[in-house]
């Protein structure tokens, strides 16, 4: 059995899909029902005994400056390429902390701290089983519970991937090395970091899934999803977005 020793929170992006709100406030710091999204993550991590947390910042980095004082154990690392490269660059700058790490996106709300349980058998993602259609990334498994394939465009009857993943010591070191190769040698700057293990070098890993309840984690990728989580944002939704 493996155990998470530290966490990496990705919070460097510009949050273009949450404009105009993100013109003034970083998306991870937008309050949902009175609490910034990233603080629901930090609290859930602390509830699980995970206090060694690296937050990767870039856009509006100054807005995160108070986090280390208010959350002991938090460190900030800057991604200088946040505006010109995809989020592979954010995990690349934090790769030294990958062995034994949990990796999360900063634009999600943790409603059930048990979703961030530090114990795990194999590296992989939190997932929710879906029988119906989803447009989110969808994983399928083989008979041994190993991820066999991933669809970026979704589908039906599979494991919907959420932005919570755990990496063993060995897999974390392997992922760090693969990130270095992708960034430094191959110049694959347009990739999501998840592409490295799921598409670029899947033969290097035997990933599994961590089942969780559908309402344990809420990912906020649009104004409509933000308003669904916190109705005080309903005024930002256009008729088209609300459809």
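The values are calculated or read from the model by the stated rules, or taken from the named source; none is laboratory data. This is a predicted model, so every value here is computed, not measured. Note: ideal-geometry Cβ built from the backbone for every residue, glycine included; neighbour counts use all protein chains shown.
Some points to look at:
- Residue 157 vs. criteria closer than 26 Å to residue 229 by Cα, surrounded by 21 or more Cβ atoms within 10 Å (Cβ to Cβ) and either touching a residue at least 24 places away in the same chain (Cβ under 8 Å) or in contact with a strand residue (DSSP E or B) (Cβ under 8 Å, 6 or more places away or on another chain) (or both): no
- All positions within segment 197-211 that are assigned to a helix (DSSP H, G or I) and either touching a strand residue (DSSP E or B) at 6+ places or on another chain (Cβ under 9 Å) or touching a residue at least 12 places away in the same chain (Cβ under 8 Å) (or both): 197, 198, 199, 200, 202, 204
- Boolean, residue 132 is more than 18 Å from the chain's Cα centre (by Cα) and more than 30 Å from residue 64 (Cβ to Cβ): yes
- Odd one out for residue 126 among (1) in contact with a strand residue (DSSP E or B) (Cβ under 7 Å, 6 or more places away or on another chain); (2) not in a strand (DSSP E or B): (2)
- Cβ-Cβ under 6 Å pairs, at least 6 apart or on other chains, segment 17-32 side at pLDDT below 95, far side surrounded by fewer than 16 Cβ atoms within 10 Å (Cβ to Cβ): 17/222
- Options 148, 160: the member that is under 26 Å from residue 27 (Cβ atoms) and part of a strand (DSSP E or B): 160
- From 32, 56, 93, residue being farther than 29 Å from residue 236 by Cα and in contact with a strand residue (DSSP E or B) (Cβ under 7 Å, 6 or more places away or on another chain): 93
- If the condition is being touching a residue at least 12 places away in the same chain (Cβ under 8 Å), farther than 22 Å from residue 166 by Cβ and surrounded by fewer than 18 Cβ atoms within 10 Å (Cβ to Cβ), then segment 33-60 contributes only 33.
- Selection status of residue 149, within 23 Å of residue 228 (Cβ to Cβ) and over 14 Å from the mean Cα position of the chain (by Cα): no
- Taken over segment 2-25, the criterion of being touching a strand residue (DSSP E or B) at 6+ places or on another chain (Cβ under 6 Å) and farther than 15 Å from residue 219 by Cα is satisfied by 2, 3, 4, 6, 7, 8, 12.
- Odd one out for residue 180 among (1) in a loop (DSSP other than H, G, I, E, B); (2) surrounded by fewer than 19 Cβ atoms within 10 Å (Cβ to Cβ); (3) touching a helix residue (DSSP H, G or I) at 6+ places or on another chain (Cβ under 8 Å): (1)
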